[in-house]
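The values are calculated or read from the model by the stated rules, or taken from the named source; none is laboratory data. Predicted model, so just to flag it, every value in this text is computed and none were measured. Heads up, the Cβs are rebuilt from the backbone with ideal geometry, glycines too, and the neighbour counts pull from every protein chain shown. Surface accessibility is based on the protein's heavy atoms, side chains included, excluding ligands, DNA and RNA. Shrake-Rupley method; radii C 1.70, N 1.55, O 1.52, S 1.80 Å.
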Amino acid sequence: HADVTLDGAEVDTIYIAPIKGKITIKAGTHIGTINVDYGTLSTYATAANLDKIVIEDGAIVDTIVYNGTSYTVAEWNTYVNSL
């Protein structure tokens with residue numbers, strides 16, 4: 001339920017299950033993969049919940065994997081905005 005902020009970190013992979021708090025990835029942070037996995041909990045996979053992953057300009061995220069599909073940050077933002 002807590003908010004998490006990554007600031008200036010170098011992280012290979014983070015795993016996100018149903019999101020209750022906000023996750024902020026600040027400029028200067030590099031994440032190899034964000035793995036968002038809701039499994040069968042599709043009721044949580046809404047724009048309101050997925051919007052809780054905030055990737056600030058200047059942060060580098062190589063890949064976002066959502067339930068088995070890989071996205072760039074731009075593709076992810078387009079997907080979430082389409083929900």
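Worth a mention:
- Restricting attention to region 45-62, the residues that are part of a helix (DSSP H, G or I) and open to solvent by 60 Å² or more (accessible area, probe 1.4 Å) add up to 1.
- Considering residues of region 63-83 that are open to solvent by 80 Å² or more (accessible area, probe 1.4 Å) and outside any loop (DSSP other than H, G, I, E, B) only, the residue nearest to Val11 (Cα to Cα): Glu75
- Complete set of residues in region 2-21 that are more than 13 Å from Val54 (Cα to Cα) and either assigned to a loop (DSSP other than H, G, I, E, B) or among the basic types (Lys, Arg) (or both): Ala2, Gly8, Ala9, Ala17, Pro18, Lys20
- Qualifying residue in region 14-27 (condition: modelled with pLDDT under 90, farther than 21 Å from Asn81 by Cβ and of a type in the set (D, E, K, R)): yes
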